[in-house]
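What follows is calculated from the coordinates using simple rules that are stated; it is not laboratory data. Keep in mind the model is a prediction, meaning the values are calculated, not measured. FYI the Cβ positions are ideal-geometry reconstructions off the backbone, even for glycines, and counts take in every protein chain you see.
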Amino acid sequence: MSTFELGTDGPRVILVGVDGSETSLRAAAYAWGMARRQGSKVVMVHVTDPGQMSALVPLAWASAIEAGEQVVARLREEIETLAACTGVRIPYVLRSEVGDPAGVLARVADEIKADAVVVGASTRAGHRFVGSVAIRLVRAGRWPVTVVP
């Protein structure tokens, strides 16, 4: 006889990492659809990672922050347009954070008590050796992680 845990019929809070890339936008669409079907809330997090160059080039930090704000503004417009066209309203929060993407997403997922995490697959070749954001989140082992190609 198997047992099951009450209240595990689907995620209530879905965290999705967005960076403006095609794969992250597909991840956002996937999370949005899952939220619609499950009656969940979506927390979209854009993480600006100024990287090591910001210490060497002071303008790189400001430039990275500004680019992140533009991505968030564009996402907010697209979400509102989609909601107006479809008539489907899903509760969502759009956050902008600064730091290491995997670390920030993990921190926010814990903070909001996410039931699921959705990210886009990395297209960077070097991630095969170092590890992508998705791999680092899966290894954390605290939430189901869906990686959208």
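Descriptive notes on the structure:
- Sum of side-chain charges, Ile14 neighbourhood, beta-carbon under 13 Å (Lys, Arg +1; Asp, Glu -1): +4
- Taking amide H positions as modeled 1.01 Å from N, with prolines and chain starts lacking one, the residues under 5 Å from Glu97 and 5 or more places away or on another chain are His46, Val47, Thr48.
- Take each peptide in 91-98, 73-80, count the other Cβ atoms within 10 Å of every residue, and average; sorted highest first, the result is 91-98, 73-80.
- Cα→Cβ-extended label distance, 7 Å offset, between Arg36 and Ile65, nm: 3.6 nm
- Note on Glu77 and Ala121: the model spin-label points, each 7 Å out from Cα along the C-beta direction, lie 3.0 nm apart.
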